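Student: Dumping the structure here so I can ask a few things about it.
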Amino acid sequence: MTNSEEVEVLAQMLECVGIGEEYLGTVKVFPPQPYFTAAIAADLTASTNFVRLFLGQELPATVSKVIWLDSDIIVQKDITELWEMLSVSGDTWTVAAVELQATWKDLEFTLGGRTYNNSLRFQSAFHLRYPSRKISEIELSRRAFNAGVLLLNLDHLRAKESYLMEEMLWWSKRNSEQEVLWGGGSQPLANLLALISPAGDYQHLPTTWNVLRGDTLNDTQEWNSERGILHWTILGDRSKPWRHDLRQQSIGLWLPYGLPVMECYRLLKLPEK
Amino acid sequence: MVDSGRVLLSLLAVTLLCTAVRWKDLLPSNNGTNEIIHIALGATMGVIPGMVATMRSVLLNTHSQGELCHILCFLLPLPQNVHHTHTHTPPTPSHNSKSRPKLIFLRKLPSCISSLRDQFRRG
């Protein structure tokens, strides 16, 4: 039993853009996991969104560190620079990411506080899950991070029988099955993961490694070819670069990487809508 | 006799040079740590074009020669309540999306990078 349709499409597209079968190392098939269901991905309907939180379980134990990249980004600098910023040996970080630039995107907002007017719901769930801890330990006015580019310390995620991943599963289920705490897919969970990790916070990466389209009013200054990573975060039907309005300036930096892909897309006669 | 000695020395020098180049190829370039960079991406069917473009951008801009880099692609089927049409490959027959497994591709990149760069230069 495989998801052969997706695999075949990806293989054909990779072959078409010059990454042939000879570069294919290994294909592994995994049994389904609880977070792999659409139920947990209730608000974004795509379970891939949550894979990033469980990479400690999914990847071999020999892999201690991983960079997660969303698929609506392009990397404009040598990824080695980002990779070498943090080492897993002797370090205390669990999650490293870029802080959101908009001042109102704090933890309270990210954890559903203002959007759903339910800070009390989160606080009550927090007390339920961690009776010995105080909610005041979490400074909700701190700036949250965008989870589209993550550097993850997998050794930490696997420590103590992977308790952090168990926590993610608990909060995922709480949000999807008990009460709506927040929206935004895996972003609130990733922020929560950093908060409950031994470090108690995330390691801040330089902003160049995740410049968001739509995060600030200064997009035009920040959105250029000198940045490490550009990220199309605006939600909407035509907001993602492969569905973008070609008249807009922002698409120009995606086209050198994406245009050959879209030519292959048409060549393979994949769905137009 | 002197000439043949020079020829011999030249040949020896060339051999040593070639050996050094081969050793250089084999030696890790990542600050001597031989660390493999692991990058994970994930996509459902509709997002595959974005994922491939992201992958190309990583490959085309990673200039560390000899760097070992694995890209891990998580491919997941669409949730059951999302419908899509696909005209190229016939849909997989009636698998429950909750029971369908995901796949990982591991890829080694160095030669891939140069191949892609050539393609990129050709436009």
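The values are calculated or read from the model by the stated rules, or taken from the named source; none is laboratory data. The model shown is predicted, which means the values in this text are computed figures rather than measured ones. We place every Cβ from the backbone using ideal geometry, glycine too, and count neighbours over all the protein chains shown.
Student: Looking at (1) outside any loop (DSSP other than H, G, I, E, B); (2) touching a strand residue (DSSP E or B) at 6+ places or on another chain (Cβ under 6 Å); (3) more than 30 Å from A:LYS160 (Cβ to Cβ), which is the only condition A:ARG227 fails?
Tutor: Unmet condition: (1).
Student: Continuing with this model, one more query. Could you say which residue among A:GLY236, A:GLY183, A:GLY252, A:GLY258 is more than 13 Å from chain B (Cβ to nearest Cβ) and more than 29 Å from A:ASP106 (Cβ to Cβ)?
Tutor: From the options A:GLY236, A:GLY183, A:GLY252, A:GLY258, the qualifying one is A:GLY252.
Student: Filter the range A:201-223 for residues that are surrounded by fewer than 20 Cβ atoms within 10 Å (Cβ to Cβ) and modelled with pLDDT of 90 or more and give the result.
Tutor: Result: A:ASP201, A:GLN203, A:HIS204, A:PRO206, A:THR207, A:THR208.
Student: Could you pull out the residue among A:LEU55, A:LEU152, A:LEU82 that is in a strand (DSSP E or B), at pLDDT 85 or above, in contact with a helix residue (DSSP H, G or I) (Cβ under 7 Å, 6 or more places away or on another chain) and within 21 Å of A:GLN203 (Cα to Cα)? So that I can check it myself, show each step before the final result.
Tutor: Values: A:LEU55 fails: in a strand (DSSP E or B); A:LEU82 fails: in a strand (DSSP E or B).
Answer to the check: A:LEU152.
Student: Assess whether A:LEU268 counts as being out of contact with any helix residue (DSSP H, G or I) (no Cβ under 8 Å at 6 or more places or on another chain) and modelled with pLDDT of 85 or more.
Tutor: Spelling it out, it is not the case that A:LEU268 is out of contact with any helix residue (DSSP H, G or I) (no Cβ under 8 Å at 6 or more places or on another chain) and modelled with pLDDT of 85 or more.
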